[in-house]
Each structure stands twice: as C-alpha cells, then as structure tokens.
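Below: one structure, written as structure tokens.
What follows draws every value from the coordinates through simple rules; no lab data is involved. Keep in mind that what you see is a predicted model, and the values were worked out from it rather than measured. Cβ atoms come from the backbone with ideal geometry, glycine included; neighbour counts cover every protein chain shown.
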Amino acid sequence: MASSSPAIKDLQRDLEAQANILSKIQKDISKNHQVRKQYTIQLGENELVLKELDLLKEDANVYKLIGPVLVKQDLAEARANVRKRIEYISAELKRLEGTLQDMEDKQNSKKESVLKLQQKIETLQSGKSNS
Amino acid sequence: MAAKGAALSAAREMERMSLEQLKAFKEQSDLEVNLLQDSLNNIRTAATRLELASAALQDLSLRPRGKQMLVPLTASLYVPGTLDDADKVLIDVGTGYFIEKTMDEGKDYCNRKINLLKSNFDEVVEVTSKKKSIADEAGLILQAKLRQASTS
C-alpha cells in the first residue's frame with residue numbers, strides 16, 4: 001500500500017512531532033495571555049491605590065491588612081511600597097510582552113514547517129497512488 | 001459618518017470571506033460581545049455595592065455618638081454596643097490598604113468611585129454596541145451566503 005512506504009512513515013512521524021511542539025507553543029502563548037491579564041488587573045488596582053494615597057494629607061492614617069490584622073502604616077512608606085509594586089508589575093508586563101513576541105514568531109515558523117511537511121506527505125502519497 | 005463608513009468597509013470585508021472564515025469570524029465576534037456584556041454586569045454590580053456603601057455612610061452620619069446598636073460578630077451573632085466616633089471611617093482602597101478618612105471624605109470617595117464606574121460603564125456600552133452590530137452584520141451575511149450556497 002502506498003501509505004506504508006517508509007519515507008512517508010518518517011515524514012508522518014516528523015509531522016506528529018512538529019505538531020506536538022506547535023500545540024505546546026500555543027498553550028504557552030495562552031498561558032502568557034492569562035498571566036498578563038492578571039498583572040494588568042493588579043497594575044490598575046495598585047495605580048488606584050496610589051492615587052488615593054497621594055490625595056491624603058500627610059497626617060492621615062493608613063492601615064495595611066496583613067492576614068487578619070490591620071497594621072498602622074507610615075504614609076510615605078505605604079506610598080513607596082505601592083510605587084515599588086507598580087514598577088515591578090510594569091517590568092514583569094514588559095518582560096512577558098517580549099516573551100510573547102518570541103513565542104508568536106516561533107509559532108509562525110512552526111506552522112510553516114508543519115504545513116510544508118503536510119504538503120510533502122500529500123505529494124508523496126498522491127505520487128505513489130499515481131504510479 | 002465615519003462610523004457608517006467603517007461599518008460599510010467591514011461589510012465589504014465579510015462579503016469577500018469564505019463561508020468557513022465568516023462562520024469563524026461570527027463566532028469570534030459573539031464571544032467578544034459576551035465578554036463585554038459580562039464586564040458590563042460586573043461594573044453594574046460594583047456600582048450597586050458602592051451605592052449601598054454610600055447610603056450606609058449617609059445613614060451612619062445621622063446617628064449620634066453613644067447610640068445603642070448591635071454589632072455583628074458573625075453572620076448570625078450580634079452583640080450590643082455603643083456607637084463611638086462616627087466621624088472617622090476606614091475605607092478599603094484595594095491591595096490590602098485601608099485609609100482613615102472623615103465622614104465627608106468618605107462620602108466624597110464613594111461618589112468619586114461611582115462616577116468613575118459610570119464613565120467606564122458608558123465606554124463599555126459604546127464598544128459593546130459597536131461589536132454587537134458587527135456580529136449581527138456577520139450573521140446576516142452568513143445567512144445570505146448559506147442561502148446562496150443551498151440554492152446554487
């Protein structure tokens with residue numbers, strides 16, 4: 001039978017391997033989206049908090065919820081903490097965007113190689129059935 | 001005028017797409033519309049909660065100091081107590097931070113947040129209606145194409 005030719009079998013195995021890699025890349029991409037969504041939400045929340053903190057007079061009381069305990073915080077310290085968190089989250093978002101770009105490039109090139117393999121297999125199979 | 005132009009060019013794009021592509025595009029658009037409507041619901045819920053908070057504040061500000069009240073310790077356990085200074089309120093601003101403010105500042109905070117949510121709501125409503133009209137267009141064109149395909 002035409003489909004049992006070893007060359008075609010090799011190509012099909014290769015195709016499977018490439019397709020697996022492609023689906024892993026796609027899973028990674030969607031995970032990246034998830035994490036970026038989380039970070040974006042946190043960034044928004046922290047920016048809101050910073051705005052509120054900046055509106056306060058210097059003698060206002062600020063408390064932080066640590067577990068079940070409300071602990072009095074220094075206003076300047078609270079502002080600095082929130083700012084640091086905002087910086088950290090922004091840096092993480094940037095890093096993730098770079099990773100996403102990489103993964104999308106990899107995904108596109110894998111898609112191409114999968115397509116090429118499929119075409120090769122098709123031509124070989126149709127070639128066999130014609131001869 | 002610009003919106004109409006954009007809708008027309010989108011329609012032309014859809015005419016060019018194949019049946020499969022159009023089906024996929026319509027499903028995608030429907031998904032987006034659903035997501036946006038979920039967001040709308042979330043915003044409405046949040047705004048309602050803020051309005052409840054604002055009403056509670058308003059009520060609290062009318063109560064005199066030293067008034068007898070029942071303090072909830074759990075959902076079904078209340079203990080008698082007296083109202084202390086009702087001029088200071090603690091506001092949860094997010095990420096675990098609480099800010100002590102006066103009653104007036106507290107009311108102002110609630111109003112500010114409610115206004116912010118209202119403007120967000122209006123923005124999302126706009127985007128949702130645009131997306132919905134595109135999705136409906138896609139549906140119409142899809143049906144027309146299906147009819148064409150079945151008669152030919």
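From the set of residues in the range B:99-139 that are within 13 Å of the chain's Cα centre (by Cα) and charged (D, E, K, R), which is surrounded by the most Cβ atoms within 10 Å (Cβ to Cβ)?
Restricting to residues being within 13 Å of the chain's Cα centre (by Cα) and charged (D, E, K, R), the top hit is B:Lys113.
Among the residues of the range A:54-87, write down those that are exposed (fewer than 14 other Cβ atoms within 10 Å of the Cβ) and under 20 Å from the mean Cα position of the chain (by Cα).
The one that is exposed (fewer than 14 other Cβ atoms within 10 Å of the Cβ) and under 20 Å from the mean Cα position of the chain (by Cα): A:Glu87.
Got a sec? Which of A:Lys51, A:Lys24 is exposed (fewer than 14 other Cβ atoms within 10 Å of the Cβ), within 11 Å of chain B (Cβ to nearest Cβ) and among the basic types (Lys, Arg)?
It is A:Lys51.
How many residues, within the range A:68-97, are within 15 Å of A:Glu52 (Cα to Cα), more than 11 Å from chain B (Cβ to nearest Cβ) and charged (D, E, K, R)?
3
In this structure, does A:Ala19 turn out to be loosely packed, with under 14 Cβ neighbours inside 10 Å and of a type in the set (Gly, Ala, Ser)?
When the stated conditions are applied, A:Ala19 does not pass them.
If only one of A:Leu117, A:Leu124 is surrounded by 12 or more Cβ atoms within 10 Å (Cβ to Cβ), more than 35 Å from the chain's Cα centre (by Cα), more than 23 Å from A:Ile41 (Cβ to Cβ) and of a type in the set (A, V, I, L, M), which one is it?
None of the other options fit; the residue is A:Leu124.
Answer yes or no as to whether A:Ile8 is among the β-branched types (Val, Ile, Thr), out of contact with any strand residue (DSSP E or B) (no Cβ under 8 Å at 6 or more places or on another chain) and free of Cβ contacts under 8 Å to residues at least 40 places away in the same chain.
No: the conditions fail for A:Ile8.
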